[in-house]
Every structure is written in structure tokens, then in C-alpha cells.
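Okay, here's the structure, questions in a sec.
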Amino acid sequence: EAQVTQNPRYLITVTGKKLTVTCSQNMNHEYMSWYRQDPGLGLRQIYYSMNVEVTDKGDVPEGYKVSRKEKRNFPLILESPSPNQTSLYFCASSLGRPQETQYFGPGTRLLVL
Amino acid sequence: AQSVSQHNHHVILSEAASLELGCNYSYGGTVNLFWYVQYPGQHLQLLLKYFSGDPLVKGIKGFEAEFIKSKFSFNLRKPSVQWSDTAEYFCAVTADFTGGGNKLTFGTGTQLKVEL
């Protein structure tokens, strides 16, 4: 089944404790991206990647890192999480550019205490 | 940079009522426009998209949207809503300036509740 998977789905952590949220797609998509969804703010793009080893900042990259060593994986790294990073995070992928249909993962709900 | 505004944050309708959700974008050049929907407990999915050509775009489940360039708008419509249309709806845009075409910018979303 074609899909985007994210792990973990739910995570509670404490300020400053490094964490990684994984994202994987099995559709051989080139474009991958991360969004955070907050009430009243909609979805905001954190980082995106046009292909392996090509990443770029979205609208809210501060406090996040990403890497794209393999085409199928695009992990989101929070080196030192803070409470303002408490949010619902979505990974998405598309065949090429974002003009192509985006396929979204199920979301990861993160609480930083 | 492009931006998207959705002025209706919460909409409540009765079944069979007509729906129109507003979406305005801020970029003056060539844009690509999208509506995505998030049904309760489900992944975000594409409803419809506009690239060029006929400004009236038809999508899945009876939805349509009209691109009006002079008004910088891409409003979503459905003649008769059903209870199953209860969801959150997001308008999104990509723009053709350097780097802009690689970023997908979403609006703040409209929560639609359809009552029986």
C-alpha cells in the first residue's frame, strides 16, 4: 500500500531532550516536507527536500533540523525541544515539486514539558 | 513571499445547504492553487487544484473552486453539503518566484460542521 508513515505517533518529552521523528514513504517520491499544525495558524512548512541531499527551509525552520540521506526517509530532528514546539507534525511527499498531489502521513502529536 | 488567507474559521451548515469557503492569496504573479481536506481521524488529502486554463475547477465529492485572478481568490463551493463533509478545509498556494515554487503555503483552515 502506498503510504507515508511517521513514528512515533504520540510523544511526550521534556525541554532540552533531543528527539527525532521519522518519516518514510514507499512511493519513490522526490519531494518531501514537514509541517506543523497549530490551532488558528493552520499548517506551516518547516523544511522541505527536493531530493536526496537537497533540503531547504520552509516558513518556520527555527529549532528544527532535517536530513535526506535516502530518498524514502526524511527525519525531523529537534536538538533541544522547547514548549513552543508542542504541536501536531505532518510529513508529506509528492512525486516531484509541491504542485504535485501531496500525500500526508498520519501526524505526530508532540508535547514538550 | 506568498501568503493565504481564509477568513471563515468555523462554519456550521445544515445538510443540503450550499457551501462557499473563502480563500485569498497575496502573490501577484503566476500561482498554483489547491484545496486540501482533513476528515476527522484521517490524513489530509487533495480535494482539487488549479494550474492554468479553465478557472472553474472540479474536484472530488462534488466540490468545485473558481479562480478569480482579479480578486486573488480561489473560493471553494459545493451546492449541497452532506453530514460526511464535516472536516477541516485548507487552501494552499505555490508561486512562481525563485524558491517560491518549491514551497507550499497553507491557509489557517476552515472547520466545517454539517448538522443533520
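What follows draws every value from the coordinates through simple rules; no lab data is involved. A quick note: this is a predicted structure, and the numbers were derived from the prediction, not measured. Please note: Cβ atoms are built from the backbone with ideal geometry, for glycine as well, and neighbour counts cover all protein chains shown.
Of these, A:6, A:25, which one is within 11 Å of chain B (Cβ to nearest Cβ), polar (S, T, N, Q) and within 26 Å of residue B:90 (Cα to Cα)? Step through it out loud before you land on a result.
Details: A:25 fails: within 11 Å of chain B (Cβ to nearest Cβ).
Every option except A:6 fails the conditions.
Right, another one. When you go through (1) within 9 Å of another protein chain (Cβ to nearest Cβ); (2) without any contact (Cβ under 8 Å) to a residue 40 or more places away in the chain one by one for residue A:97, which number turns out not to apply?
Condition (2) is where residue A:97 drops out.
Does residue B:81 count as surrounded by 18 or more Cβ atoms within 10 Å (Cβ to Cβ) and within 14 Å of another protein chain (Cβ to nearest Cβ)?
On the way: surrounded by 18 or more Cβ atoms within 10 Å (Cβ to Cβ): yes; within 14 Å of another protein chain (Cβ to nearest Cβ): no.
Judged against the criteria, residue B:81 is not a match.
Then there is this: Name the residue that is nearest to residue B:51 (Cα to Cα), counting only residues in the range B:1-36 that are part of a strand (DSSP E or B) and not hydrophobic (A, V, I, L, M, F, W, C). Spell out how you get there, then give the answer.
Of all residues in the range B:1-36, those part of a strand (DSSP E or B) come to B:4-5, B:10-14, B:19-21, B:24-25, B:31-36.
Retained after the next criterion (residues that are not hydrophobic (A, V, I, L, M, F, W, C)): B:5, B:10, B:14, B:20, B:24-25, B:32, B:36.
Numbers: B:5: 19, B:10: 28, B:14: 32, B:20: 21, B:24: 16, B:25: 14, B:32: 5, B:36: 15 Å.
Applying the filter and picking the extreme gives B:32.
Within the range A:33-91, how many residues turn out to be more than 11 Å from every other protein chain (Cβ to nearest Cβ), among the acidic types (Asp, Glu) and touching a residue at least 40 places away in the same chain (Cβ under 8 Å)?
Selection size over the range A:33-91: 1.
Only one of these is in contact with a His (Cβ under 7 Å, 6 or more places away or on another chain), of a type outside the set (Gly, Ala, Ser) and either closer than 18 Å to residue A:103 by Cα or surrounded by 13 or more Cβ atoms within 10 Å (Cβ to Cβ) (or both): B:94, B:110, B:30, B:105. Name it. It would help to see each step written out before you state the result.
Details: B:94 fails: in contact with a His (Cβ under 7 Å, 6 or more places away or on another chain); B:30 fails: in contact with a His (Cβ under 7 Å, 6 or more places away or on another chain); B:105 fails: in contact with a His (Cβ under 7 Å, 6 or more places away or on another chain).
Unique residue meeting the criteria: B:110.
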